[in-house]
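No lab work stands behind these numbers, since they all come straight from the coordinates. Quick caveat: nothing in here was measured; it's all calculated off a predicted structure. Glycine gets a Cβ as well: all are built from the backbone with ideal geometry, and neighbour counts include every protein chain shown.
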Amino acid sequence: MKKLYRSKTDRMIAGVCGGLAKYFNVDPSIVRVVFVLLLLPGGFPGLIPYLVLWVIIPEDA
């Protein structure tokens with residue numbers, strides 16, 4: 001069973017994108033680009049989900 005964790009090794013800020021990329025088996029750069037694109041129309045469409053995920057996703061052990 002797969003579990004979602006924030007990455008300790010593939011991180012830029014909090015490891016959220018690295019963890020999501022590992023969970024969905026995609027390149028972390030793609031996930032980061034998606035979050036950056038969501039930040040462009042004013043910040044909130046990308047910033048709020050990122051912060052929420054940072055708080056609720058546990059860090060990889």
Scanning the stretch 15-61 for residues that are surrounded by 17 or more Cβ atoms within 10 Å (Cβ to Cβ) and in contact with a strand residue (DSSP E or B) (Cβ under 6 Å, 6 or more places away or on another chain) gives GLY15, VAL16, GLY19, ILE57
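Test VAL52 against the criterion of being β-branched (Val, Ile, Thr) and touching a residue at least 40 places away in the same chain (Cβ under 8 Å), and give yes or no.
no
Here's the yes/no breakdown for (1) touching a Gly at 6+ places or on another chain (Cβ under 8 Å); (2) under 17 Å from LYS3 (Cβ atoms):
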residue	(1), (2)
VAL36	yes, no
GLY43	no, no
LEU47	no, no
TYR50	no, no
ILE57	yes, yes
Only one of PRO58, PRO28, PRO41 is more than 8 Å from the chain's Cα centre (by Cα) and touching a residue at least 24 places away in the same chain (Cβ under 8 Å), namely PRO58
